[in-house]
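K.L.:
Here you go, one structure.
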Amino acid sequence: MADPQPPSAPSGKSSGKSSAKSNAKPNDKPADKSADKLALRVDQRGDLQVDKRVDKRSFFKRLVEMISPGPDSRDELMETLADAEHRDLIEPESRMMLEGVLRMADMTAGDVMVAAPHMDFLDIDADYDDLLHVVIDTGHSRFPVFEGQRDNIIGTLMAKDLLKLQRSPELSLRTLLRPAVFVPESKGLNELLRDFRSNRNHLAIVIDEFGTTAGLLTIEDVLEEIVGEIEDEFDDKDGESNIYTLADGGQRVAGDTDITEVNTAFAAQLSTESFDSIGGLVAHELGRVPRRGEAVTLGGLVFTVMLTRGGAVRWYKVTRAPEDALSTDGG
């Protein structure tokens with residue numbers, strides 16, 4: 001019976017070791033190794049779960065692409081947007097704006113600017129009445145101001161700031177000028193839009209590679225590449241009339257006005273055989289859509305482009321042609 005006793009000692013030792021392990025403090029090495037292994041197993045399980053989820057998503061993506069492959073080019077993306085509109089997944093206005101964003105990514109300031117010959121300037125040395133006449137006649141809210149020659153732009157003027165001169169004639173026009181922003185023709189519209197938003201200056205002067213003025217553009221010009229035409233103070237909200245009298249006695253005529261309406265208003269005899277709108281007749285006479293500032297004489301009337309939107313003339317200023325113009329046109 002004494003023989004079985006020795007094994008009990010190892011058993012007791014083993015129990016002691018086991019007990020020691022179970023009562024070990026957190027800083028004991030054996031406990032650290034056990035904790036490391038446990039943490040490692042948890043990490044491994046987490047990684048495996050993440051990997052499995054990634055694998056499942058990758059497989060799902062591959063499955064979707066196999067059934068319905070996504071667009072590989074911008075043209076295909078445009079077709080996808082058109083299909084989404086056709087299936088009533090997006091509104092037509094949403095498709096238009098998305099396509100505008102895609103197109104704008106490749107456009108530069110030179111693509112949408114108003115060319116220098118058609119810009120409306122203010123002369124720093126002009127009289128107040130002359131400045132006011134230009135502001136009323138053109139209807140813009142901001143103007144580049146030059147000194148000496150047009151390429152020497154010294155700042156921009158808000159039309160509303162002219163009221164300060166009327167109230168305080170002793171003020172100098174120079175004190176009302178705001179710094180002009182100059183951008184190269186190659187500047188991207190995306191970057192330009194960010195600049196407009198950050199510096200709160202909504203008009204930029206575009207310069208060419210030689211540093212001369214190439215044109216100008218506003219934040220409205222950029223936004224209209226995305227959202228289309230933006231209604232402004234020129235637009236007739238009621239739609240009751242397309243012909244308005246200006247302060248200088250001229251007439252403002254919408255580009256989509258019927259030729260018969262123009263004939264009645266001006267006692268003219270413009271042809272109605274080939275075109276219905278005055279915009280179509282003027283574009284045909286010129287051979288292309290006119291740009292802002294260009295003028296065409298028809299039937300004793302001078303049609304000067306005041307505003308263009310989306311590749312079409314929005315408003316004309318119409319005045320009677322002087323006698324020398326009438327004789328030149330054979331009228």
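The values are calculated or read from the model by the stated rules, or taken from the named source; none is laboratory data. Owing to the predicted nature of the structure, the values given are computational and were not obtained by experimental measurement. No Cβ is skipped: glycine too gets one built from the backbone with ideal geometry, and neighbour counts run over all protein chains shown. Side chains are part of the model used for accessible areas, which takes the heavy atoms of the whole protein and leaves out ligands, DNA and RNA. Shrake-Rupley method; radii C 1.70, N 1.55, O 1.52, S 1.80 Å.
K.L.:
Could you give the nm distance between label points at A267 and D195, where each point is 7 Å from its Cα heading toward the beta carbon?
P.N.:
Modelled inter-label distance: 5.2 nm.
K.L.:
Could the peptides 270-276, 281-287, 119-125 be put in order, highest first, of the mean number of other beta-carbon atoms found within 10 Å of their residues?
P.N.:
On the way: 270-276: 12.3, 281-287: 15.6, 119-125: 17.4.
Those peptides, ordered most packed to least, come out 119-125, 281-287, 270-276.
K.L.:
Counting only protein chains, not ligands or nucleic acids, how are M306, M107 ordered by accessible area (probe 1.4 Å), most first?
P.N.:
On the way: M306 20, M107 40 Å².
Heavy-atom accessible area, descending, gives M107, M306.
K.L.:
Where does each of L223, L189 land when they are ordered by accessible area, with a 1.4 Å probe and the largest first?
P.N.:
Details: L223 60, L189 0 Å².
Listed by decreasing accessible area, they come as L223, L189.
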